[in-house]
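The values are calculated or read from the model by the stated rules, or taken from the named source; none is laboratory data. No experiment lies behind these values; they were computed from the predicted model shown. Ideal geometry is used to build each Cβ from the backbone, glycine not excepted, and the neighbour counts take in all protein chains shown. The accessibility values were calculated without ligands, DNA or RNA, using every heavy atom of the protein model including side chains. Shrake-Rupley method; radii C 1.70, N 1.55, O 1.52, S 1.80 Å.
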Amino acid sequence: MIKFTIITLFREAIEPYLKTSMMWKATEKGLAQFDFVNLRDFGLGPHKSVDDTPYGGGDGMLLRCEPVFAAIESVKKTDPSAKVILPTPVGEIWEQSRARAMADGKLGIDDEKNETQHYIILCPHYEGYDERILSIVDYKISLGKYVLTGGELPALIIIDSVVRLIPGVLGGENSAEIESFSDGDNLEYPQYTRPEEFRGMRVPEILLSGNHGEIAKWRESHSGKVDPDGA
Ligand code: ADE
């Protein structure tokens with residue numbers, strides 16, 4: 001069982017996806033659990049404020065320490081071993097090897113196995129966060145070299161890429177094994193389903209041959225590699 005507690009101001013942006021398809025199946029099977037904490041509940045003053053202007057000037061608002069620490073500590077009170085993930089463009093780049101390590105109970109690839117498998121994902125919003133928040137964070141994760149408006153999409157991507165690797169979540173036993181990126185930078189081989197011919201495009205004969213040895217060789221030789229230029 002892997003558990004994610006998502007601290008966010010925008011639960012409604014995240015929850016529908018987790019109630020759909022494979023993520024929902026994982027919950028129903030008791031393989032994953034998703035909880036939410038509303039950061040607003042820990043806001044300050046009558047307006048439950050969670051952000052403020054930056055010292056030294058500058059545009060935008062920053063997440064304040066107090067609500068964030070209070071929200072995280074409220075979760076850690078019941079599970080002190082829960083690890084905190086902060087999606088941020090300046091974090092370590094998220095990769096399949098990390099998703100697999102986390103599905104195996106280890107987030108940092110070299111980490112000891114974490115039996116509790118409870119991760120708190122803090123979704124920042126606004127222009128950023130007070131740097132002191134990092135003192136309560138275990139892992140800073142970046143989804144890539146671009147800037148999103150908040151941590152909700154990164155949280156979903158992290159969760160999806162991990163949960164689908166948990167044995168029993170995907171349909172075929174080997175589905176997660178043979179697919180793209182499972183083996184380093186290898187992309188999966190081309191696949192086809194019925195009909196045998198569509199608008200003049202035929203399925204390669206070898207795949208119709210029933211010769212599993214030859215099919216395996218064909219798939220091996222047709223597995224792509226990641227193209228850094230995306231061409
Ligand atoms: N928050 C904003 N942009 C992000 C990114 N690229 N990765 C992770 N978190 C983010």
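Below is a table of values for the structure above.
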item	result
Filter result for Gly45 (at pLDDT below 95, on the phi > 0 side of the Ramachandran plot and assigned by TED's automatic domain parsing to the domain that holds Gly144)	no
Residues that are more than 9 Å from the ligand (Cβ to nearest atom), at pLDDT 95 or above and either outside any loop (DSSP other than H, G, I, E, B) or crowded, with 16+ Cβ neighbours inside 10 Å (or both), drawn from the stretch 120-138	Ile120, Ile121, Leu122, Tyr129, Asp130, Glu131, Arg132, Ile133, Leu134, Ser135, Ile136, Val137
Test for His125: is it closer than 25 Å to Thr149 by Cβ and out of contact with any Pro (no Cβ under 7 Å at 6 or more places or on another chain)	yes
Residue under evaluation Leu44, criteria (1) within 13 Å of Glu127 (Cβ to Cβ); (2) open to solvent by less than 80 Å² (accessible area, probe 1.4 Å), criterion not met	(1)
Enumeration of residues in the stretch 139-154 that are in a helix (DSSP H, G or I) and either under 16 Å from Lys83 (Cα atoms) or near the ligand (Cβ under 7 Å from one of its atoms) (or both)	Pro154
Selected residue (only one of Ile85, Ile14 is buried (at least 19 other Cβ atoms within 10 Å of the Cβ), part of a strand (DSSP E or B) and touching a strand residue (DSSP E or B) at 6+ places or on another chain (Cβ under 9 Å))	Ile85
Residue check for Ser135: of a type outside the set (Phe, Trp, Tyr) and touching a strand residue (DSSP E or B) at 6+ places or on another chain (Cβ under 7 Å)	no
Condition met for Thr27 (part of a strand (DSSP E or B), open to solvent by less than 60 Å² (accessible area, probe 1.4 Å) and assigned by TED's automatic domain parsing to the domain that holds Lys145)	no
Among residues of the stretch 88-113, those that are open to solvent by less than 40 Å² (accessible area, probe 1.4 Å) and of a type outside the set (A, V, I, L, M, F, W, C), counted	5
Contacts under 6 angstrom Cβ, first residue in the stretch 140-162 being farther than 19 Å from Met102 by Cα and without any contact (Cβ under 8 Å) to a residue 24 or more places away in the chain, partner among the aromatic types (Phe, Trp, Tyr) and near the ligand (Cβ under 7 Å from one of its atoms), 6 or more apart	none
